[in-house]
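Student: Here it is: the structure, laid out below.
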């Protein structure tokens, strides 16, 4: 939790307090207006969510599953706020100062989430809340590239029994075994936003770093997936490095994907070939 994040939280509290006292109580007198009963109920729910969120961060640093539960609070708050916007527009005319304050609250809350969510996702991975020396196996599939290596390794060492095993699994897509896969690889190199930084070779090197100074062993298995065009497009969209709709590269990327599919499909399908790499060892 950085000083900038705490500053934004304090600003949010100040603006929310001003909105409640000045607009809701003194000028609009919502508590005296029966038509605003639903709006006040939404305000009460939102205030409880804010209280839970700020108390959690004021008194603790939730880790593991608790961090995941805390992440749900901002998501629920966004839904409540959207419902509040609809209710306000349907039941009363907001003064200009209140609309401006609401806009500033929304912008500030977006800045809070932009700083907070990466921290929370990191906390989710750093502590499992399992007892020390309580498990025989720790397994992660297709996830090692998200690890904070030092913290994840320390947590795995903590929860593993002395002879416990760590197993990391990664599907490494073949890039040159077929003409289709050659063309698909070139598509990613051309249009992928950060494909060079997250290619499989980097992940493999990172896994060896994760086990060090202990030695890891490796088993390799063959795997094949078959896709029609819709499945192929979905496979591409699921990649973090694929540009999203609206990005300048999105349309040419999809046009190239269609061309590749038409050129290589057999019976309206194409094959993805993988090496499934299983890294295992003691930590």
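Student: Could you check the stretch 118-145 and list, in sequence order, the residues that are surrounded by fewer than 13 Cβ atoms within 10 Å (Cβ to Cβ) and in contact with a helix residue (DSSP H, G or I) (Cβ under 8 Å, 6 or more places away or on another chain)?
Tutor: Answer for the stretch 118-145, where residues must be surrounded by fewer than 13 Cβ atoms within 10 Å (Cβ to Cβ) and in contact with a helix residue (DSSP H, G or I) (Cβ under 8 Å, 6 or more places away or on another chain): 129, 131, 132, 133, 134.
Student: Give the residue, chosen from 128, 139, 106, that is within 21 Å of the chain's Cα centre (by Cα) and in a strand (DSSP E or B).
Tutor: That would be 139, the only listed residue that is within 21 Å of the chain's Cα centre (by Cα) and in a strand (DSSP E or B).
Student: Has the stretch 238-245 got any residue that is surrounded by 11 or more Cβ atoms within 10 Å (Cβ to Cβ) and in contact (Cβ under 8 Å) with a residue 60 or more places away in the chain?
Tutor: No, the conditions are met nowhere in the stretch 238-245.
Student: Please determine whether any residue of the stretch 57-68 is modelled with pLDDT under 85, touching a helix residue (DSSP H, G or I) at 6+ places or on another chain (Cβ under 7 Å) and in a helix (DSSP H, G or I).
Tutor: Taking the stretch 57-68 first, the residues modelled with pLDDT under 85 are 57-68.
From the residues that got through so far, the ones that are touching a helix residue (DSSP H, G or I) at 6+ places or on another chain (Cβ under 7 Å) too are 61-64, 67-68.
Now restrict to residues that are in a helix (DSSP H, G or I): 67-68.
Checked against the condition, which is being modelled with pLDDT under 85, touching a helix residue (DSSP H, G or I) at 6+ places or on another chain (Cβ under 7 Å) and in a helix (DSSP H, G or I), the stretch 57-68 yields at least one hit.
Student: Look at the stretch 15-30 and say how many of its residues are at pLDDT 85 or above, surrounded by 11 or more Cβ atoms within 10 Å (Cβ to Cβ) and out of contact with any helix residue (DSSP H, G or I) (no Cβ under 6 Å at 6 or more places or on another chain).
Tutor: Going through the stretch 15-30 one residue at a time, the tally reaches 8.
Student: Look through the stretch 88-100, keep the residues that are under 14 Å from residue 24 (Cα atoms) and within 32 Å of the chain's Cα centre (by Cα), and return whichever of them is surrounded by the most Cβ atoms within 10 Å (Cβ to Cβ).
Tutor: Per the stated criteria, the residue is 88.
Student: Related question: Go over the candidates 172, 185 one by one and state the one that is in a strand (DSSP E or B) and more than 19 Å from residue 66 (Cβ to Cβ).
Tutor: Answer to the check: 172.
Student: Can you tell me which condition residue 106 does not meet? The list is (1) farther than 27 Å from residue 117 by Cβ; (2) touching a helix residue (DSSP H, G or I) at 6+ places or on another chain (Cβ under 8 Å); (3) surrounded by fewer than 15 Cβ atoms within 10 Å (Cβ to Cβ), and all the others hold.
Tutor: (1)
Student: When you scan the stretch 249-257, do you find a residue that is touching a residue at least 60 places away in the same chain (Cβ under 8 Å) and either closer than 22 Å to residue 171 by Cα or outside the structural domain of residue 173 (by TED's automatic domain parsing) (or both), even just one?
Tutor: Our first condition is that a residue be touching a residue at least 60 places away in the same chain (Cβ under 8 Å); within the stretch 249-257, this holds for 252-253, 256-257.
Then keep just the ones that are either closer than 22 Å to residue 171 by Cα or outside the structural domain of residue 173 (by TED's automatic domain parsing) (or both); that gives 257.
Yes; the residues of the stretch 249-257 include at least one that is touching a residue at least 60 places away in the same chain (Cβ under 8 Å) and either closer than 22 Å to residue 171 by Cα or outside the structural domain of residue 173 (by TED's automatic domain parsing) (or both).
Student: For the stretch 149-172, state whether one or more residues are crowded, with 16+ Cβ neighbours inside 10 Å, touching a residue at least 12 places away in the same chain (Cβ under 8 Å) and within 27 Å of residue 265 (Cα to Cα).
Tutor: yes
Student: Can you work out which of the residues in the stretch 186-226 that are under 26 Å from the mean Cα position of the chain (by Cα) and within 22 Å of residue 268 (Cβ to Cβ) is modelled with the highest pLDDT?
Tutor: Among them, the one singled out is 187.
Student: A further question on this structure: Checking the condition under 20 Å from residue 53 (Cβ atoms) and modelled with pLDDT of 85 or more, which residue from 111, 154, 133 passes?
Tutor: None of the others qualify; the one that does is 111.
Student: Ok, one more. Given (1) in a helix (DSSP H, G or I); (2) within 28 Å of the chain's Cα centre (by Cα); (3) within 27 Å of residue 118 (Cβ to Cβ), identify the lone condition not met by residue 14.
Tutor: Going through (1) in a helix (DSSP H, G or I); (2) within 28 Å of the chain's Cα centre (by Cα); (3) within 27 Å of residue 118 (Cβ to Cβ) one by one, residue 14 breaks only (2).
The values are calculated or read from the model by the stated rules, or taken from the named source; none is laboratory data. Owing to the predicted nature of the structure, the values given are computational and were not obtained by experimental measurement. Cβ atoms come from the backbone with ideal geometry, glycine included; neighbour counts cover every protein chain shown.
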